[in-house]
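One structure is given here, and the rest of the page talks about it.
The values are calculated or read from the model by the stated rules, or taken from the named source; none is laboratory data. Keep in mind the model is a prediction, meaning the values are calculated, not measured. Neighbour counts are summed over all protein chains in view; Cβ atoms, including those assigned to glycine, are modelled from backbone coordinates with ideal geometry. The accessibility values were calculated without ligands, DNA or RNA, using every heavy atom of the protein model including side chains. Shrake-Rupley method; radii C 1.70, N 1.55, O 1.52, S 1.80 Å.
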Amino acid sequence: MAENTPPDNEYASQGDGGVRFEALANLAEVSRGFGEALPVDTWNPPFCGDIDMKIAKDGAWFYHGSPIERPAMVRLFSRLLRKDEDRYVLVTPVECVGITVEDVPFIAAEVETAESAAGRALKFRTNVGDEVLADADHPLRFETGAADGIIPYVRVRGGLWARLTRSLTLDLIARGSALDMDGRRMFGVVSGGAFFPIAPADDFE
């Protein structure tokens, strides 16, 4: 069995679910040969129902209520993840299974400034190792929580987003500036040649 797959008996008590978990883990391991990007958006296998797998709001992955503690395995599973219209799924060439995602699947935990074809950009690194430059194709969006204030997200790929940590949120706001948009002064962030408004500039004065 591949190094990053679970021991033979780790999920034995979970019956068919354990078999499916091992099959997904083995397929994820084989997927290393595809490189970083898997063509999950082009795969159209039958939907085989939901499995008891969850990605918590803090980005932790669980299977049957137990944390998947191996970062390498989480990384491999994340490459099989896709957002369909009404659910998140793990998809392979032969089957598609639904999982639960409490908020968004990834957490953006690091940021640095990088050069892009459109100029300086913010490069985010997620908890599963994805690196993404914020630009028109990978936009930032902002929501407002009752307790958390401004909550930024960056699109990683397809319909998959990463939520910025609180420390990165403060860093992002510190990098912000005010620009006129459609006759209104807005406070936001410039990255990759695009301006991402956060709120009216008056809210930050």
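Can you work out D for region 61-205 in µm² s⁻¹ from Stokes-Einstein, where Rh is the Kirkwood radius over C-alpha pairs, the temperature is 25 °C and the viscosity is 0.890 mPa s? Numbers along the way, then the final one.
Values: Rh = 16.6 Å.
Approximately 148 µm²/s, per Stokes-Einstein.
For Cys96, what charge total do you get from the other residues with a beta carbon under 9 Å from its beta carbon, if Lys and Arg give +1 and Asp and Glu give -1? Please list the in-between numbers first.
Numbers: positive: Arg82; negative: Asp84, Glu95.
Once positives and negatives cancel, what remains is -1.
Which log10 I(q)/I(0) values, to two decimals, does region 146-201 give at q = 0.16 Å⁻¹ under the Debye formula with one point per Cα? One equal scatterer on each Cα of region 146-201 leads to -0.55.
Of the accessible area of region 46-205, with the probe set at 1.4 angstrom, what percent is carbon plus sulfur? List each step's numbers first, then the result.
On the way: 3780 of 7870 Å².
Ligands and nucleic acids excluded, carbon and sulfur reach 48 percent.
Each residue was assigned an accessible area with a 1.4 Å probe, and for Thr100 the value is about 80 Å². Give the distance, in whole Å, between the Cα centre of region 108-159 and the Cα centre of region 189-205. Comparing the Cα centres of region 108-159 and region 189-205, I get a distance of 14 Å. Distance between the pseudo-spin-label points of Asp137 and Ile151 (7 Å out from Cα toward the beta carbon): 2.8 nm.
Here the spin labels are modelled as points 7 Å beyond Cα on the Cα-Cβ line, and at Arg75 and Glu110 they lie 1.1 nm apart. Here r is the Cβ-Cβ distance between Leu170 and Thr42 and R0 is 45 Å; the resulting FRET efficiency, rounded to 0.05, is 0.70.
The length gained by stretching the chain between Asp203 and Thr144 to full extension, at 0.36 nm per residue less their Cα-Cα distance, is 19.9 nm. Computed extension gain for Asp84 through Asp180, at 0.36 nm per residue and net of the alpha carbon distance, reaches 31.0 nm.
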